[in-house]
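Notes to accompany the following structure.
The values are calculated or read from the model by the stated rules, or taken from the named source; none is laboratory data. Owing to the predicted nature of the structure, the values given are computational and were not obtained by experimental measurement. Don't worry about glycine lacking a Cβ; one is built from the backbone with ideal geometry, like all the others, and counts go over all protein chains shown. Note: accessible area is taken over every heavy atom of the protein model, side chains too, but ligands, DNA and RNA are not part of it. Shrake-Rupley method; radii C 1.70, N 1.55, O 1.52, S 1.80 Å.
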Amino acid sequence: MLLRFFLFAAAAAAADTVTVVVDDRPVSIQAWPGDDLRRIGESFCGDRGIDINVSLRDGRPRCATLVADELADALYCQNRNNNDTRGFRFYHGAYYFDSEEYELLRVLLLRLGLVECLSGERITGGEAVVWLLGHFDETAPFYAMLRGVSNAMPRPTELGNKDALYEHLERLRDRVGDRAVRFAPRTWLSAALEAERHRRTGPLGGIWVRKDPQIELGGGIELARHWSDLDGCEHCILQRYVDRPMLLTDHKAGIFDAKFSVGVYLAVSSMAPLAAWMHREMLVLLCSRPYDERETDKLAHLTNGLLNQRLAEDYDPAKRVWTTDRLLAHLKTLRSGVEWTDIEDQMREIAAIVLTAARAPLLEASTKAAEEAPLFAHWRLDFLLDADARVWLLEVEIVPSAGTIGGVDEVLKTTVLRDVLALAGVGAPDVSTDAYRQHYPWLRGEACWVDETADPPNRVCATPDPEETAYDDEQRADVMDILARASDPLQHDPKAIDLIAAYEAARGRAGGYRPLFPLPRSFRYFDGTEGGSMHKTGLPDLWRQEGAVAADFVLDRWDHLKARLLDDEIRENATRDWTDHLDLAAASTLCDACVDDAMVFCATVGAVDAQGRVSVFGRCQRARDECAHAPRGLVDGVALASREACDLDNEKNITALLGLLDASRAATLYEHGAGLRAWCASALGNTTTAADASASALVRACGSSGATRDASATRVAVTTIDGCLAASSSVSAAVETAIRRNTPLVIHRAACSSFSANDPWTRAKLAESSSARVVTLAFDGTRDRSQQIFSGEITLGDFLALAGGDGTSQLPRGANASLYVLLTDRHKVDGVIDTSSLANPNSAIVATQREGPVAKLHEAAVAAMDDALDLDGALEVAWTSLRLGAAYRYPTHVDCYENFIAQLDGAKNLTFFAPEAIRELRPDLATKHWPRADDFALRRAARTAETVELHPGDLAYVPLMWPHNVATSAWSATANRYFWLRDTCVVVARLSLGFVVVGSGRTWTSSFCWKRGAVVTADEVAGTQLGDLASMTTLSIDSGDLDVIAKWASTGVISDATTNPLFVAQAGTSGDARYVAFVDRAIAYARERASGDDAVILAMDRLAVELGLEIVRIVPGYVSTEVDVRASFDTAETVRRARRIIEMYEAEGVDRSRVLVKVAGTFEGIKAAEILEAEGIACNVTLVFGFVQAVLSAQAKARLISPFPGRVLDWWKLKDGFKTCEPDDDPGVLAVRRVYEYYKKHGHDRTICMPASWRPSRGNDDPRYAVDEIVALAGVDRMTIPAPLLEILAEETGPLPRKLDPETAKANCKDDVLADDETNRAMSESRFRLELNADVCATTKLAEGINAFIAETLKLEAAIRAKF
């Protein structure tokens, strides 16, 4: 029978006797250290008729386990003098006795040879290890009993409680500036929120996350959009939702556009000195639902694992947990400038700042808590990445879950827990034992644990085995020896030697942990990249001033000393000379030798010949030496630091060479195109299995444009769905949405495709009709522009022999010839039968030989498309085409129809370009291609490209006028179906490409394309100077008149609109009924939310927003709204007003990405821009008259500056007394050119140069002189131009030469970096004010501009005040 029993430890009468209590009766049990306590427990329970089949959560027998733990407690944990066998205890409340949180830890500790004592709320002092579940401050009574190692570092709530953490960060911000908080989303702490919410109503402005800190395990997390959503939450914290999060997709797992968080495990092994470590294995958690900013289901927004597991019925935790390797592999597929080193640098800085901010209270608590027990911390920092790869801190998890859901979660957490136990000194496991390898399968002889069901695969590789390193006399002697060799005075400080020796012992036990504190001078990134350093960021100075104590300076000095000694040793042996034109075997040999000597091999691609042979330039050097910009080869170098990375000559090892090519700019230099394709073909041929870890990356790299990554570029967004898993209604809805939103779509259906080897378009079936004749087309695959080598009629058999085979050497351009066959029924639409036609070369064969094999082949493609697409309603079929070929590349182009692509056989890479990135390529409407763009512009456009690989059954939608190209590395058969909208649909004339093309109904010519929207003839733009200017510079209209803005926006050449206080004042006082309505709405808005002067000021801000809300409906791009110019010398007020403006826009559904907040180019205004940009609020720094204003704005990462060349000319004319000048000699033009050249030379691509305010350089004799400065600056990033000057440009038909381009600008720039510290590229306030003071023109004009705008603002204020 099952008896009721209670067990507790009693004082042992003898070392071998333990007294327990069963049903309130004491019972003595005899046991000795080393006995099998579980067996004794089973015997004890069985003898008393207790049911031994009742189990704990983890499967252990309940009764026997409780008895065994009691025995162990008395034998091992109550005896402080027992050093032979060590005991461990889980400390917790009674509720957690049977907690799954301990399952992984229990196994690890047992395999370290420890014995488990009874868990609970007691500590006796004999424990070797105590693991706490929970958090405590230094007053907890158990600290007095602690003697063993414990994760009980006190008062972690200084980090884990958001109120406390943000108070620490805000205090640090007061001393060091916004660097202390720029990684934290805007947060209302509970006290401030409580005071504010009782007087606030309506929408919050965008999405916020509400967190009740009193509710754990994700239960207190909710989304909030209105102030009323905070009702009932008295202690809530409100945090701004991070807009535009980076998303993850895994087609195999059915994961699409999932928001995710990254958990980085942080260990603190010592608080004085601070020794902190970050683990390489991160916990990546995905949301359960696809991300949609409009979605109200919080499972699409919140990544908390417990919350998702609790609320999502279909939640599969194994699929929603990604490892470090999987995340890194995924990031490499994003050809959008996402570099892991940039991300990790941000994470390290955030972790360092957080520990710096909270160091004082943490150190105080640790000092008070326990003098004898070695305490450590096991925490986790949870981060979020946005679409720009900016890292945000979500929270510090001070009790990270040690429980597991199995699979990758178990493997990852076991790895981290193993290493944190070793780091803390508990002990390192003996990985050579069979038992160890059996329990940890990823260490069973293989290098990694891999889950191949994911793509990229989930993988956890064995971290370096922790050593059995303890602080001892030998360690101490080693430290003293190094100090003596360096003649360092620390050799005479015994306490310092002890601190250093203890730290070095911890380094030996670190396993997968990487040092964070002391701030390392060099480290290896999680992706294996060498050369990381936290001493290039200014963090050491911040740490020394704000957080460091004497013990920290000891370790910092030691770290510097070791680095210096190592540098000296390496310097003696370093190979400084570059070795050029190494073949791969020689490069690998030299690289191996470098790695063996603890150096790195800096390598860069020297050339790729037409046969695909790669030559390498390289040298041995220190890891800390610059390699990325090595002045050899194709610009960018790679530091190879391992034998695996050096294995360039192994044809099976694609990863090493691929990484080298990817980091170089070989893929963007067209003269290397043939060689790269040859190398790709060879490499693809050697990638024999789909399981090859590098196969997918190789296919993407070889099939894509191969452009250099650019962190400042915004990657084009391509929607992808799994057509096999999704319901047909979901697929239809996705197609409808893509057409309506004019965005690319890919439907993956290869897994459920019905296509087979017997289909007529396969090579084998085509060979059966080898005598049939077809017209082939050939392009030069090395040129991404409008061109055609030849077309000619040959047999289908000859085509199959030539396409992608050795026979291409017989063709013009040889291996560069991209040969393919195009079959269409377009002649049914345009009635044109012409074998020389680029669009329909086989029209005669398809039209006249209806029963022939070629026509039948086309009919089969039409039937396949009929089966694949069902688009009744919105679209009407124009025609269908079939493309056949191998190893061909069709140049980048746009289509004048909606285009659906179906992959029938083989594979094809389809590359989408972002339309906004290529407007400067000046598309030729007559040919659909871009023959007028230079190679630099093409390469830059390619940085935003997204490549998808299509397999048989896959479908893709390419919107009308969307730039794209296609490429194959092997055989491919593809059907295209082109559609036009129904006759009742309206035509869209404005395109983000910056040019206008139109048509109507079902017409199509080479000069017209059509789309939904208003009709405008191309003649209104094409051939004018305005059209030419729009093709090279993004144009904005400088006006507050809605009718004028609408008129010019309809031409398509205007994408943005700028306003200023003058325009707002004119609108507010005009009397026009529309503007009167704006004023009335602004006043009503302010009256509801404020009173007195505050209401008047709020109404003025709201009026500017009301005008902007109307403009944003007219123009497709930015609308600029200016902060009250009277705040020009108040950073805090500028920031406050700007945030309020953005909140008003977002409350009306306008995303902040559409708004530019204008701030004055004062020091205070530019610093406000820096703060706002860090929050995702784009800024336009206006009233820029001097070079120093432009430089500081770029250093602040302002989105845009507005220099005023006309007003600069006014000042110089008044000063020097001249009346006219040539435009190229115009002082205002020269000032803007200087800024543009500086930006291009020194890498300030993020900041746009947009001049405004124009004057006639040559005077007023000819009205056309009014655009002199505009013409002289043609090619600058952007311009804002008033309507009268747009009229002049639209009337002029003469050629408009480009005056500014990036490459020439770089070469012409004579200015060095203007900064106090070239490493930080930052300018101090005193330097800025000194430089501005020396620029009399800028000082004078800045004051005049501010005063003029203040005058207009006061007029508006008086008018608004009169209406209250």
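For the stretch 742-856, please list each of the strands (runs of 3 or more DSSP E) lying entirely inside it that holds at least 1 residues being out of contact with any strand residue (DSSP E or B) (no Cβ under 7 Å at 6 or more places or on another chain), open to solvent by 30 Å² or more (accessible area, probe 1.4 Å) and modelled with pLDDT of 85 or more.
Working: elements: 745-748, 773-780, 790-795, 817-824.
Counting at least 1 such residues, we get no strands (runs of 3 or more DSSP E) at all.
Only residues that are surrounded by fewer than 19 Cβ atoms within 10 Å (Cβ to Cβ) and part of a helix (DSSP H, G or I) were counted in the stretch 411-430, giving 0.
If you filter the stretch 260-292 down to residues that are farther than 24 Å from His748 by Cβ and of a type in the set (D, E, K, R), you find that the one that is least open to solvent (accessible area, probe 1.4 Å) is Glu281.
When Gly93, Gly120 are checked against the criterion of being out of contact with any helix residue (DSSP H, G or I) (no Cβ under 6 Å at 6 or more places or on another chain), surrounded by fewer than 22 Cβ atoms within 10 Å (Cβ to Cβ), at pLDDT 75 or above and not basic (Lys, Arg), a single residue qualifies: Gly120.
Counting the residues of the stretch 1092-1126 that are more than 34 Å from the chain's Cα centre (by Cα), crowded, with 22+ Cβ neighbours inside 10 Å and closer than 20 Å to Gly1161 by Cα gives 1.
The set of residues in the stretch 877-904 that are of a type in the set (A, V, I, L, M) and modelled with pLDDT of 80 or more comprises Val877, Ala878, Leu882, Leu884, Ala886, Ile901, Ala902, Leu904. Of the set (1) within 30 Å of Asp419 (Cα to Cα); (2) free of Cβ contacts under 8 Å to residues at least 60 places away in the same chain; (3) crowded, with 21+ Cβ neighbours inside 10 Å, all apply to Leu238 but (1). Let me confirm something: among Asp257, Asp231, Asp243, Asp250, which residue is surrounded by fewer than 22 Cβ atoms within 10 Å (Cβ to Cβ), more than 30 Å from Ala424 (Cα to Cα) and touching a Leu at 6+ places or on another chain (Cβ under 6 Å)? Of the residues listed, the single one that is surrounded by fewer than 22 Cβ atoms within 10 Å (Cβ to Cβ), more than 30 Å from Ala424 (Cα to Cα) and touching a Leu at 6+ places or on another chain (Cβ under 6 Å) is Asp257.
Can you tell which of Leu1230, Leu1192, Leu1214 is of a type in the set (A, V, I, L, M, F, W, C) and in contact with a helix residue (DSSP H, G or I) (Cβ under 6 Å, 6 or more places away or on another chain)? Steps first, answer last, please.
Details: Leu1230 fails: in contact with a helix residue (DSSP H, G or I) (Cβ under 6 Å, 6 or more places away or on another chain); Leu1214 fails: in contact with a helix residue (DSSP H, G or I) (Cβ under 6 Å, 6 or more places away or on another chain).
Within the list Leu1230, Leu1192, Leu1214, the selection yields Leu1192.
Restricting attention to the stretch 943-952, and to residues there that are assigned to a loop (DSSP other than H, G, I, E, B) and in contact with a strand residue (DSSP E or B) (Cβ under 7 Å, 6 or more places away or on another chain), which single residue is surrounded by the fewest Cβ atoms within 10 Å (Cβ to Cβ)? Before the answer, list the steps.
Within the stretch 943-952, the first condition is being assigned to a loop (DSSP other than H, G, I, E, B), and the residues that meet it are 943-945, 951-952.
Applying the additional criterion that residues be in contact with a strand residue (DSSP E or B) (Cβ under 7 Å, 6 or more places away or on another chain) yields 945, 951-952.
On the way: Ala945: 26, His951: 16, Pro952: 22.
Taking the candidates together, the pick is His951.
Of all residues in the stretch 1291-1309, count the ones that are part of a helix (DSSP H, G or I) and surrounded by fewer than 18 Cβ atoms within 10 Å (Cβ to Cβ).
Residues of the stretch 1291-1309 that are part of a helix (DSSP H, G or I), as a first pass: 1291, 1302-1308.
Subsequent filtering for residues that are surrounded by fewer than 18 Cβ atoms within 10 Å (Cβ to Cβ) retains 1291, 1303-1304, 1306-1308.
Adding up the residues that qualify gives 6.
Considering only residues that are open to solvent by less than 10 Å² (accessible area, probe 1.4 Å) and small (Gly, Ala, Ser), which ones fall in the stretch 1161-1195? If the condition is that a residue be open to solvent by less than 10 Å² (accessible area, probe 1.4 Å) and small (Gly, Ala, Ser), then Gly1161, Gly1165, Ala1168, Ala1169, Ala1178, Gly1186, Ala1190, Ser1193, Ala1194 are the ones that fit.
Table: residues versus (1) at pLDDT 85 or above; (2) of a type in the set (A, V, I, L, M, F, W, C).
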site	(1), (2)
Arg459	no, no
Glu474	no, no
Tyr513	yes, no
His535	no, no
Leu542	no, yes
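Residue-wise test of (1) touching a helix residue (DSSP H, G or I) at 6+ places or on another chain (Cβ under 7 Å); (2) farther than 14 Å from Tyr91 by Cβ.
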{"residue": "Leu105", "(1), (2)": "yes, no"}
{"residue": "Gly113", "(1), (2)": "no, yes"}
{"residue": "Glu116", "(1), (2)": "yes, no"}
{"residue": "Gly126", "(1), (2)": "yes, no"}
{"residue": "Val129", "(1), (2)": "yes, no"}
{"residue": "Leu132", "(1), (2)": "no, no"}
{"residue": "Pro156", "(1), (2)": "no, yes"}
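Here is a check on your reading of the model: is Ala351 touching a His at 6+ places or on another chain (Cβ under 7 Å) and over 14 Å from Met246 (Cβ atoms)? Don't jump to the end; show me each part of the working.
Values: touching a His at 6+ places or on another chain (Cβ under 7 Å): no; over 14 Å from Met246 (Cβ atoms): yes.
So Ala351 does not fit the description; no.
When restricted to residues that are assigned to a loop (DSSP other than H, G, I, E, B) and of a type outside the set (Lys, Arg), the stretch 359-410 contains 19.
Anything in the stretch 247-261 that is modelled with pLDDT under 85 and on the phi < 0 side of the Ramachandran plot? List them, or say none. Explain how you work it out, then say what you get.
From the stretch 247-261, those modelled with pLDDT under 85 are 249-256; that's our starting set.
Answer for the stretch 247-261, where residues must be modelled with pLDDT under 85 and on the phi < 0 side of the Ramachandran plot: Thr249, Asp250, His251, Lys252, Ala253, Ile255, Phe256.
When we screen Ala887, Ala868, Ala878, Ala844 for residues that are under 15 Å from Pro952 (Cα atoms) and of a type in the set (A, V, I, L, M), the only hit is Ala868.
Tell me, please, whether a residue that is modelled with pLDDT under 80, hydroxyl-bearing (Ser, Thr, Tyr) and touching a His at 6+ places or on another chain (Cβ under 7 Å) can be found in the stretch 154-174. No: zero hits. State whether one or more residues within the stretch 1342-1352 are out of contact with any Asp or Glu (no Cβ under 6 Å at 6 or more places or on another chain), surrounded by 12 or more Cβ atoms within 10 Å (Cβ to Cβ) and polar (S, T, N, Q). Looking through the stretch 1342-1352, none of the residues is out of contact with any Asp or Glu (no Cβ under 6 Å at 6 or more places or on another chain), surrounded by 12 or more Cβ atoms within 10 Å (Cβ to Cβ) and polar (S, T, N, Q).
Might you let me know whether the stretch 202-210 holds any residue that is more than 22 Å from Arg1139 (Cβ to Cβ) and modelled with pLDDT of 80 or more? Quick ask: steps written out before the conclusion?
So the first thing to find is which residues in the stretch 202-210 are more than 22 Å from Arg1139 (Cβ to Cβ), and the list is none.
Looking through the stretch 202-210, none of the residues is more than 22 Å from Arg1139 (Cβ to Cβ) and modelled with pLDDT of 80 or more.
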